[in-house]
Amino acid sequence: MQLKLPKNIPKPSTEQQWQKYSPWIFYLSNLFLAIGYIALLFYALIWETGNIVNLPTKKIGFFNFCLWDQEAEKLDCFTFNNLEKMGINTVALILSRICIFITPVLCLFAATTVLQSLCFKDRDGWKLAHSLLAICGLLLPAGLALFLFYTKKWIQISDLDEVFVALVGAHVLLLLHLIIIALYLARFKDHFPERRLFPTRSLP
């Protein structure tokens, strides 16, 4: 005896599948992007102490400015007074430090705001995170460009190492996260979709 199976089995459409998995994709993309640029910023600025150039004969960063001394055959690190004598604008260096090192702090605050907004569908939270990321997107390249402009005499393109790549990568991920949030806010102008990843419970 043979079992008769229905020939026409309805298959879920592509649109239905997208509606099913799109919340997960959106949540995971926000999470991975936030982890990505925060990890890159902390690697470059904390783990590698912000040294854009880290060579045996040269070490230049936001807190170090060391050049090779041929007579002593070792690295000679300069203070702010020495940098002024060398023609480097120390005020510009301080501004570049402020722009660079305030970025991970604002990014951490933006990431926590994004997580809160994901859970509670808070439009004000999304707007705050968008504003913070926009500020970070301006501060990071401004501080990096300011530093490179006043130290270009001692830094060649071939001297730039992983710290510079990490900062550029963090900026790219940061801008991508900013674009995703902007598109999300533009798509749902009036209200967010009712579907939630984590259902809310009413208070007793």
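Report the residue count in region 153-204 for those that are among the small types (Gly, Ala, Ser) and at pLDDT 90 or above. Let's see the steps before the verdict.
The initial filter retains those residues of region 153-204 that are among the small types (Gly, Ala, Ser), namely 158, 166, 169-170, 182, 186, 202.
Imposing the further condition that a residue be at pLDDT 90 or above reduces the set to 166, 169-170, 182.
Adding up the residues that qualify gives 4.
Kindly establish whether residue 75 is within 21 Å of residue 158 (Cα to Cα), surrounded by 13 or more Cβ atoms within 10 Å (Cβ to Cβ) and aliphatic (A, V, I, L, M).
On the way: within 21 Å of residue 158 (Cα to Cα): yes; surrounded by 13 or more Cβ atoms within 10 Å (Cβ to Cβ): yes; aliphatic (A, V, I, L, M): yes.
Judged against the criteria, residue 75 is a match.
Which of the following residues is within 22 Å of the chain's Cα centre (by Cα), surrounded by fewer than 16 Cβ atoms within 10 Å (Cβ to Cβ) and under 21 Å from residue 148 (Cβ atoms): 63, 32?
63
Report the residue count in region 80-119 for those that are farther than 30 Å from residue 184 by Cα, assigned to a helix (DSSP H, G or I), under 31 Å from the mean Cα position of the chain (by Cα) and not hydroxyl-bearing (Ser, Thr, Tyr). Break it down into steps so the answer makes sense when it comes.
Step one: of region 80-119, the residues farther than 30 Å from residue 184 by Cα are 80-98.
The next check asks that each one be assigned to a helix (DSSP H, G or I); those that pass are 80-85, 90-98.
Add one more test, that the residue is under 31 Å from the mean Cα position of the chain (by Cα), and what stays is 80, 83, 90-98.
Then keep just the ones that are not hydroxyl-bearing (Ser, Thr, Tyr); that gives 80, 83, 91-95, 97-98.
Residues meeting the conditions: 9.
Sort out which residues of region 158-180 are surrounded by 16 or more Cβ atoms within 10 Å (Cβ to Cβ) and more than 16 Å from the chain's Cα centre (by Cα), and write them in order of number.
160
Would you please list the contacts, defined by Cβ atoms under 9 Å and residues six or more apart or on different chains, that run from a residue in region 91-119 that is among the basic types (Lys, Arg) to a residue that is crowded, with 16+ Cβ neighbours inside 10 Å?
Going by the 9 Å Cβ cut-off, the qualifying pairs are 97/50; 97/62; 97/143; 97/147.
Which count do you get for residues in region 48-73 that are farther than 11 Å from residue 163 by Cβ and aliphatic (A, V, I, L, M)?
Count: 3.
For region 58-79, name all the residues that are touching a residue at least 12 places away in the same chain (Cβ under 8 Å) and not in a strand (DSSP E or B).
Answer for region 58-79, where residues must be touching a residue at least 12 places away in the same chain (Cβ under 8 Å) and not in a strand (DSSP E or B): 62, 63, 64, 78.
Would you check which residues across region 35-60 are in contact with a strand residue (DSSP E or B) (Cβ under 8 Å, 6 or more places away or on another chain) and surrounded by 16 or more Cβ atoms within 10 Å (Cβ to Cβ) and list them?
48, 50, 51, 52, 53, 54, 58, 59, 60
Between a first residue in region 41-57 that is free of Cβ contacts under 8 Å to residues at least 40 places away in the same chain and farther than 16 Å from residue 148 by Cβ and a second residue that is in a loop (DSSP other than H, G, I, E, B) and not β-branched (Val, Ile, Thr), which pairs have beta carbons less than 7 Å apart while being 6 or more apart in sequence or on different chains?
From region 41-57, the pairs are 49/63.
Residue by residue through region 66-82, note down the ones that are modelled with pLDDT under 85 and aliphatic (A, V, I, L, M).
72
Tell me which of these residue 155 doesn't satisfy, since it passes every other one: (1) in a helix (DSSP H, G or I); (2) surrounded by 14 or more Cβ atoms within 10 Å (Cβ to Cβ).
Going through the list (1) in a helix (DSSP H, G or I); (2) surrounded by 14 or more Cβ atoms within 10 Å (Cβ to Cβ), residue 155 breaks only (1).
The values are calculated or read from the model by the stated rules, or taken from the named source; none is laboratory data. Keep in mind that this is a model prediction, so the values were computed, not measured. Note that each Cβ is placed from the backbone with ideal geometry, even for glycine, and that neighbours are counted across all protein chains shown.
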